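Visitor: Take this structure first; my questions come after.
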Amino acid sequence: MTSSSGSNSLIAGRRCFEKGDYARAKHHLANCLRTGNDRGEACVLLGSIYHNEGNFTNSVKCLESAIFSGQDSPNVRQLLCAGLFESKRYNEARLKLELVIEQHPEHWQSRLLLGKLFIETGNLNAAESVLRKSVQIHERAPELWYHLGLALFRLQRHDEAVSVLERAVKLEPDTVPQYHFLLGKTQLEQGFAEKAINSFKRSAAIYPLAELYFPLGSACQLAQRYDTAYHVYEKALDRPINKAIRHRILFHQAEILFEQGEEEDRLGRSHNRYLQAKQKLLRSLEFDPGFNSARHFLALVNIRMKVPEISAQELETLLSLHESDLQTFKDSNGALEILSHRYLQRIHLGYALSLAGRYDEARNALEAAFDDPEIQNEPVVKCRILRRLALVQLQMGDKIGSCSTWRRLSAIDSDDHYGATRALAELETNDNESDG
């Protein structure tokens, strides 16, 4: 075969590649490899085809051959690194990318890929550094701003992330749903529910991402749009991407039902919200039996359903577990989810026991909660425990103990927010009347 026919094969292969006809493109490019004509360019095209098809092993081999044949442009080397990245050969990719950036500092695509690699491997500070330099080189590339925002989001620097992501959205407002989606997640972490909802809506208007529904439900719940949140969570439950968090979604639905039940109680209307909440929590525990926040919440629901003995039993079982057996949930900032705290479990146990008339045990549970080292610097929590303890002591007929507890409360509640002064005055008045 002549050199001319080899060049014709390269031209035909390139045309087929541009049309997306990869099978015919491979056939023409194979001719180039057989003749040895235009081998380097043919390898670049083959490497690109294999990369687009997801065959990263063959893509890397072809691109390495292309570079060996003299096709050593930064674009080719960056594509080789992209194949290594997709093959999870991160160290090889990093070393090659750093060399490309050293030799071609203006090549922002290589900086972007290196930033993505650092994000993928959890080196977020390095990712931020690389991507900040990238946006200085090419400030109108929205993908750079997006990945910088992603790094900042994972670093929990949400205020900075928002301004960066807003830049990505401004540069490309109508084509990439992930930009609006991540902006919404960041706004939700800031506590700006309405802004998050608007960002999620803009994301869905472009394309409804499967992962959208859970954070959208969370934003609606935070904004107290309970009916909407509940239905969005239903959609989230149907999405396979949320399979691993179904227990959490059901938990949030139970929270909504509980809130609605309390509102119905306030209005004096009959309802079955607590029963529905209980059913959601039981389903949650079917998916994850170790989800102890759901077990704790179930005990609170049973208190509302006027079965304090069952509630007390559930909390006693929960408190009997060793720390190593407890599966706790932490929020995005690494803080322990509120119902996972032992002291709060003891407080609620004390309340359930008092409702069940088991006052001695209730007193012991509340004293144990008060002595928990976790709340030694939490005066508000300590005041609430003492107030509950004083009431329990009064219920069990221990006026002396109740007075003592009200005095302990008065000593740390200088503003008398919890009514210790009035309670003591009433007890002393009652004592005087009894004496008279």
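The values are calculated or read from the model by the stated rules, or taken from the named source; none is laboratory data. Since the structure is predicted, the reported quantities are computational estimates derived from the model, not experimental observations. No Cβ is skipped: glycine too gets one built from the backbone with ideal geometry, and neighbour counts run over all protein chains shown.
Visitor: Would you pick out the residues in region 258-310 that are among the charged types (D, E, K, R) and either closer than 18 Å to Tyr351 by Cβ or surrounded by 20 or more Cβ atoms within 10 Å (Cβ to Cβ) (or both)?
Guide: To start, the set of residues in region 258-310 that are among the charged types (D, E, K, R) comprises 259, 262-266, 269, 273, 278, 280, 283, 286, 288, 295, 304, 306, 309.
Of everything in region 258-310, those that are among the charged types (D, E, K, R) and either closer than 18 Å to Tyr351 by Cβ or surrounded by 20 or more Cβ atoms within 10 Å (Cβ to Cβ) (or both) turn out to be Glu262, Asp265, Arg273, Lys278, Lys280, Arg295, Arg304, Lys306, Glu309.
Visitor: Suppose we filter Glu194, Glu166, Glu189 for residues that are touching a His at 6+ places or on another chain (Cβ under 8 Å), more than 20 Å from Arg111 (Cα to Cα) and surrounded by fewer than 21 Cβ atoms within 10 Å (Cβ to Cβ); which single one remains?
Guide: Numbers: Glu194 fails: touching a His at 6+ places or on another chain (Cβ under 8 Å); Glu166 fails: touching a His at 6+ places or on another chain (Cβ under 8 Å).
Glu189 is the lone residue from the list that is touching a His at 6+ places or on another chain (Cβ under 8 Å), more than 20 Å from Arg111 (Cα to Cα) and surrounded by fewer than 21 Cβ atoms within 10 Å (Cβ to Cβ).
Yes/no per residue for (1) touching a residue at least 24 places away in the same chain (Cβ under 8 Å); (2) out of contact with any helix residue (DSSP H, G or I) (no Cβ under 6 Å at 6 or more places or on another chain):
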| residue | (1), (2) |
| --- | --- |
| Ala210 | yes, no |
| Ala244 | no, yes |
| Ala254 | yes, no |
| Glu259 | yes, yes |
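Visitor: For region 214-254, name all the residues that are part of a helix (DSSP H, G or I), under 23 Å from Val301 (Cα atoms) and charged (D, E, K, R).
Guide: Of everything in region 214-254, those that are part of a helix (DSSP H, G or I), under 23 Å from Val301 (Cα atoms) and charged (D, E, K, R) turn out to be Asp227, Glu234, Arg246, Arg248.
Visitor: Something else now. Just one of the numbered conditions (1) modelled with pLDDT under 95; (2) basic (Lys, Arg); (3) farther than 22 Å from Arg363 by Cβ is not true of Arg342; which one?
Guide: Only one criterion is unmet by Arg342, namely (3).
Visitor: Search region 33-57 for residues being of a type outside the set (Asp, Glu) and not in a helix (DSSP H, G or I), and hand back the single one that is surrounded by the most Cβ atoms within 10 Å (Cβ to Cβ).
Guide: Step one: filter region 33-57 for residues of a type outside the set (Asp, Glu), giving 33-37, 39-40, 42-52, 54-57.
Then keep just the ones that are not in a helix (DSSP H, G or I); that gives 36-37, 54-55.
Values: Gly36: 12, Asn37: 20, Gly54: 8, Asn55: 15.
Of everything passing the filter in region 33-57, Asn37 is surrounded by the most Cβ atoms within 10 Å (Cβ to Cβ).
Visitor: Can you tell me which residue in region 98-139 is nearest to the chain's Cα centre (by Cα), limited to those that are assigned to a loop (DSSP other than H, G, I, E, B) and more than 17 Å from Val162 (Cα to Cα)? Steps first, please.
Guide: Quick first cut of region 98-139, residues assigned to a loop (DSSP other than H, G, I, E, B) only: 104-107, 121-123, 138-139.
Within this subset, residues satisfying the condition of being more than 17 Å from Val162 (Cα to Cα) are 104-107, 121-123, 138.
Working: His104: 37, Pro105: 35, Glu106: 35, His107: 33, Thr121: 18, Gly122: 16, Asn123: 19, His138: 31 Å.
Per the stated criteria, the residue is Gly122.
Visitor: If the requirement is being part of a helix (DSSP H, G or I) and touching a residue at least 12 places away in the same chain (Cβ under 8 Å), which of these qualifies: Ser404, Ser410?
Guide: Working: Ser404 fails: touching a residue at least 12 places away in the same chain (Cβ under 8 Å).
Step by step, each of Ser404, Ser410 is checked, and only Ser410 is part of a helix (DSSP H, G or I) and touching a residue at least 12 places away in the same chain (Cβ under 8 Å).
Visitor: Among (1) surrounded by fewer than 20 Cβ atoms within 10 Å (Cβ to Cβ); (2) within 26 Å of Asn364 (Cα to Cα); (3) under 24 Å from the mean Cα position of the chain (by Cα), there is one condition Gln313 misses while meeting the rest; what is its number?
Guide: Evaluating Gln313 over (1) surrounded by fewer than 20 Cβ atoms within 10 Å (Cβ to Cβ); (2) within 26 Å of Asn364 (Cα to Cα); (3) under 24 Å from the mean Cα position of the chain (by Cα) leaves (3) as the failure.
Visitor: Which is of a type outside the set (A, V, I, L, M), exposed (fewer than 13 other Cβ atoms within 10 Å of the Cβ) and within 21 Å of Glu314 (Cβ to Cβ), of Asp372, Asp360? Let's see the steps before the verdict.
Guide: Details: Asp372 fails: exposed (fewer than 13 other Cβ atoms within 10 Å of the Cβ).
Exactly one of Asp372, Asp360 is of a type outside the set (A, V, I, L, M), exposed (fewer than 13 other Cβ atoms within 10 Å of the Cβ) and within 21 Å of Glu314 (Cβ to Cβ), namely Asp360.
Visitor: Continuing with this model, one more query. Kindly indicate the residue of region 384-406 that is closer than 17 Å to Ala365 by Cβ and of a type in the set (Gly, Ala, Ser) and also surrounded by the most Cβ atoms within 10 Å (Cβ to Cβ) among those meeting that condition. Quick ask: steps written out before the conclusion?
Guide: Taking region 384-406 and keeping what is closer than 17 Å to Ala365 by Cβ, we get 384-396, 398, 401-402, 405.
Narrowing further to those that are of a type in the set (Gly, Ala, Ser): 390, 401-402.
Details: Ala390: 27, Gly401: 16, Ser402: 21.
My answer is Ala390.
Visitor: Among the residues of region 64-71, is there at least one that is closer than 26 Å to Ile119 by Cα and assigned to a helix (DSSP H, G or I)?
Guide: Within region 64-71 (the criterion being closer than 26 Å to Ile119 by Cα and assigned to a helix (DSSP H, G or I)), the answer is yes, since at least one residue qualifies.
Visitor: Still on this model: Which condition number in (1) modelled with pLDDT of 95 or more; (2) acidic (Asp, Glu); (3) within 22 Å of Val76 (Cα to Cα) is the one that Glu106 fails?
Guide: (1)
Visitor: For region 64-96, give me each residue that is touching a helix residue (DSSP H, G or I) at 6+ places or on another chain (Cβ under 7 Å) and among the small types (Gly, Ala, Ser). Outline the logic, then answer.
Guide: First, pick out the residues of region 64-96 that are touching a helix residue (DSSP H, G or I) at 6+ places or on another chain (Cβ under 7 Å): 64-67, 69-71, 74, 76-87, 90, 92-94, 96.
Passing the criteria: Ser65, Ala66, Ser69, Gly70, Ala82, Gly83, Ser87, Ala93.
Visitor: Of the residues that sit in region 72-97 and are charged (D, E, K, R) and part of a helix (DSSP H, G or I), which one is farthest from the chain's Cα centre (by Cα)?
Guide: Here is the first cut: in region 72-97, the residues charged (D, E, K, R) are 72, 77, 86, 88-89, 92, 94, 96.
Add one more test, that the residue is part of a helix (DSSP H, G or I), and what stays is 77, 86, 92, 94, 96.
Numbers: Arg77: 35, Glu86: 24, Glu92: 31, Arg94: 28, Lys96: 33 Å.
Applying the filter and picking the extreme gives Arg77.
Visitor: Being buried (at least 19 other Cβ atoms within 10 Å of the Cβ), under 39 Å from the mean Cα position of the chain (by Cα) and at pLDDT 95 or above, is that true of even one residue in region 6-26?
Guide: no
Visitor: Continuing with the same structure: Show the residue pairs that are 6+ apart or on different chains and have beta-carbon atoms under 8 Å apart, the first residue being within region 272-290 and of a type in the set (Phe, Trp, Tyr), the second being not in a helix (DSSP H, G or I).
Guide: Every condition considered, the pairs that remain are Tyr274/Met305.
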